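Below is one structure, written out as C-alpha cells; the observations come after it.
The values are calculated or read from the model by the stated rules, or taken from the named source; none is laboratory data. Being a predicted model, the structure only gives us computed values, none of them experimental. Don't worry about glycine lacking a Cβ; one is built from the backbone with ideal geometry, like all the others, and counts go over all protein chains shown.
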Amino acid sequence: MREIRFKGFSVTDKKWVHGKVIEKDGAYWILEKAIGMYSERKANNVYDGLGGRFRFELHHVYKESLGQYIGIKDKNGVEIYEGDVIKFHTGDICEVVFTGGSFEMISRVGKNKGKYFVFPRNKDIDELSEVIGNIFENPELLEQAE
C-alpha cells in the first residue's frame, strides 16, 4: 500500500513541505509531522508519543504547488509527485498528472509530444526516469513545448 502524502510550497518559509493537505476557507495548508527531541516546554503543537516527542507544523502553501506523492521514486531515489517534470528514458520531457483515476505522464517535449504514458509496473521506474523540476518552480521546462 502506498503512502498518501502531499507536497506544497510554503508561502512564508519559501520551501517545500510534505504531509497532509487541509483546505479551509479557500486557503491550503500542509500539516507536517516532525519527530525528534524537543524542549520540555509544553507548546500547543508538541506532543509526547511512542518513541519520543514530536510536533506538528502547519504551513500555508500555494494551491498551485500542491501535488500528491505517486508512490514511486526516480533513478536518483527522488520521490515523484503530481506536477513534477520528468525526463523519461525516451528523451521526452513529461509532466506527471492525475487523470482517469491514475497517475500518468504526458509528454510535453519530444517525439511523443501530447501522448500519455502510464507508469510502467513491469520495470523499475528508477531505470526509466529522472525528476528535473516541477511545474510550479520550473514552468520554462514545459514552455519550449508550446
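Report, by residue number, each residue of the range 69-96 that is surrounded by fewer than 17 Cβ atoms within 10 Å (Cβ to Cβ) and closer than 24 Å to G19 by Cα. Within the range 69-96, G71, K73, K75, N76, G77, V78, E79 qualify.
Pairs linking a residue in the range 99-117 that is free of Cβ contacts under 8 Å to residues at least 40 places away in the same chain to a residue that is among the small types (G, A, S) and assigned to a loop (DSSP other than H, G, I, E, B), with Cβ atoms under 7 Å and 6 or more positions apart or on different chains, are S107/G114; R108/A145; V109/A145; G110/G91; K113/A145.
The sole residue among V109, V97, V118 that is modelled with pLDDT of 90 or more and either farther than 23 Å from K15 by Cα or not assigned by TED's automatic domain parsing to the domain that holds V21 (or both) is V97.
Among the residues of the range 28-80, the ones that are at pLDDT below 75 and over 18 Å from the mean Cα position of the chain (by Cα) come to 21 in all. Only a single item in (1) over 17 Å from the mean Cα position of the chain (by Cα); (2) surrounded by fewer than 19 Cβ atoms within 10 Å (Cβ to Cβ); (3) not in a loop (DSSP other than H, G, I, E, B); (4) not small (G, A, S) is not met by I106, and it is number (1).
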